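Enquirer: The structure follows.
The values are calculated or read from the model by the stated rules, or taken from the named source; none is laboratory data. Not measured: the values here are computed from a predicted model. FYI the Cβ positions are ideal-geometry reconstructions off the backbone, even for glycines, and counts take in every protein chain you see. Heads up: the accessible areas ignore ligands, DNA and RNA and are worked out on the full protein's heavy atoms, side chains in. Shrake-Rupley method; radii C 1.70, N 1.55, O 1.52, S 1.80 Å.
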Amino acid sequence: MRRLIVTEFMTLDGVVEAPGGEPTHPHSGWTIPFGTDDLYAFKLREVLEAESLLLGRRTYQQFADAWPSRDGEFADKMNAMPKSVATSRPTELTWNATSLEAPVRASVQTLKDSDGGPILVAGSASLVRSLLVWGLVDELRLLTYPVMVGGGIRLFPDDHEKWTFELTELIRFDSGAVLHAYRLAGS
C-alpha cells in the first residue's frame, strides 16, 4: 500500500494561497524571502522520495505552466513523475498527467492500494480538505513560515469535527520556517 503525503506551505495565520508568486493574492510570494539552502535541501529530498504527484486541477495547471521550462534536479524529478489530477473537467492533460475517474475518493483509494512509492500532494487545498475528511492522508507536512498575510485560502475543513494527530517530525530551518509532520493518531 502506498503512502499519501500532503505537503503544504502555510502562513502563521493558516493561509496556503499563493506561496510562490501566483497572482491570486495581494501578498503573493510570501515564501520567497524565507528560502534557505537547508529548506531547499529538504524539499528536494521530499520530491526525490515521491513516486508520483496527486494534484487538484488549479494546482496542476499552475505547475504544468511553470515546471516544464525549468531545469535542475528538482525540476527534472517534477517533470518526470506521473501525475494524477482530480478534476471535474477532464480534458486532455499534458505534463505526464492523467485525470482521476469519478468518484475521486475511490480513485485515490485505488492509487493508494497499488504497488509503488509515496504519492505526494502539493498545494491543492480543495482536494486536500476532501482527502482529510475521507481519511486518506497518511502524513501531513506543514511547512509554516513566520509571516501572516491577513486572509486567503486555508487548508482545513470547517466541519466542527475533532481530529487528533501525532507529531512525527519537527524541523526548524535557518529562515525561521518550521516543518511539522503529523499522522492521524492511532493510524
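Enquirer: Only one of (1) farther than 11 Å from residue 10 by Cα; (2) open to solvent by 30 Å² or more (accessible area, probe 1.4 Å); (3) β-branched (Val, Ile, Thr); (4) under 16 Å from the mean Cα position of the chain (by Cα) is not met by residue 137, so which one is it?
Expert: (2)
Enquirer: Here's another thing I want to ask about it. Given 121, 137, which one is within 23 Å of residue 77 (Cα to Cα), out of contact with any Cys (no Cβ under 6 Å at 6 or more places or on another chain), assigned to a strand (DSSP E or B) and modelled with pLDDT of 95 or more? Break it down into steps so the answer makes sense when it comes.
Expert: Numbers: 137 fails: assigned to a strand (DSSP E or B).
Unique residue meeting the criteria: 121.
Enquirer: Please tell me if residue 129 is assigned to a helix (DSSP H, G or I), in contact with a Pro (Cβ under 7 Å, 6 or more places away or on another chain) and open to solvent by 20 Å² or more (accessible area, probe 1.4 Å).
Expert: Yes: the conditions hold for residue 129.
Enquirer: So, in segment 157-182, exactly how many residues are open to solvent by 70 Å² or more (accessible area, probe 1.4 Å) and assigned to a loop (DSSP other than H, G, I, E, B)?
Expert: Qualifying residue count for the region: 7.
Enquirer: For the subset of segment 1-42 comprising residues that are under 29 Å from residue 184 (Cα atoms), aliphatic (A, V, I, L, M) and assigned to a helix (DSSP H, G or I), which member is most open to solvent (accessible area, probe 1.4 Å)? Give the steps one after another, and end with the answer.
Expert: At the first step, the residues of segment 1-42 found to be under 29 Å from residue 184 (Cα atoms) are 1-20, 30-31, 34-35, 38-42.
Remaining after also requiring aliphatic (A, V, I, L, M): 1, 4-6, 10, 12, 15-16, 18, 39, 41.
Keeping just the survivors that are assigned to a helix (DSSP H, G or I) gives 39, 41.
Details: 39: 5, 41: 42 Å².
Top of the filtered list is 41.
Enquirer: Right, here's the next one. Any residue at all in segment 166-187 that's among the charged types (D, E, K, R), in contact with a strand residue (DSSP E or B) (Cβ under 9 Å, 6 or more places away or on another chain) and free of Cβ contacts under 8 Å to residues at least 12 places away in the same chain?
Expert: Initial filter on segment 166-187 (among the charged types (D, E, K, R)): 166, 169, 172, 174, 183.
After this cut, where a residue has to be in contact with a strand residue (DSSP E or B) (Cβ under 9 Å, 6 or more places away or on another chain) as well, the list is 166, 169, 172, 183.
Subsequent filtering for residues that are free of Cβ contacts under 8 Å to residues at least 12 places away in the same chain retains 172.
Yes, because at least one residue in segment 166-187 is among the charged types (D, E, K, R), in contact with a strand residue (DSSP E or B) (Cβ under 9 Å, 6 or more places away or on another chain) and free of Cβ contacts under 8 Å to residues at least 12 places away in the same chain.
Enquirer: Moving on. Among the numbered criteria (1) assigned to a helix (DSSP H, G or I); (2) open to solvent by 60 Å² or more (accessible area, probe 1.4 Å), which one does residue 102 miss?
Expert: Unmet condition: (1).
Enquirer: If you check residue 19 against the conditions, is it over 16 Å from the mean Cα position of the chain (by Cα) and not polar (S, T, N, Q)? Walk me through it before giving the result.
Expert: Values: over 16 Å from the mean Cα position of the chain (by Cα): no; not polar (S, T, N, Q): yes.
Judged against the criteria, residue 19 is not a match.
Enquirer: Moving on. Would you pick out the residues in segment 154-174 that are of a type in the set (Val, Ile, Thr) and at pLDDT 95 or above? Lay out the reasoning, then the answer.
Expert: Taking segment 154-174 first, the residues of a type in the set (Val, Ile, Thr) are 164, 168, 171.
Those that are of a type in the set (Val, Ile, Thr) and at pLDDT 95 or above: 168, 171.
Enquirer: With open to solvent by 30 Å² or more (accessible area, probe 1.4 Å), assigned to a helix (DSSP H, G or I) and either under 28 Å from residue 109 (Cα atoms) or in contact (Cβ under 8 Å) with a residue 24 or more places away in the chain (or both) as the only criterion, which of 89, 58 stands out?
Expert: Values: 89 fails: assigned to a helix (DSSP H, G or I).
Step by step, each of 89, 58 is checked, and only 58 is open to solvent by 30 Å² or more (accessible area, probe 1.4 Å), assigned to a helix (DSSP H, G or I) and either under 28 Å from residue 109 (Cα atoms) or in contact (Cβ under 8 Å) with a residue 24 or more places away in the chain (or both).
Enquirer: Can you list residue pairs whose Cβ atoms sit under 6 Å apart, with the first residue in segment 92-119 being aliphatic (A, V, I, L, M) and the second being open to solvent by less than 40 Å² (accessible area, probe 1.4 Å) and in a loop (DSSP other than H, G, I, E, B)? Count only pairs 6 or more apart in sequence or on different chains.
Expert: 108/136; 119/2
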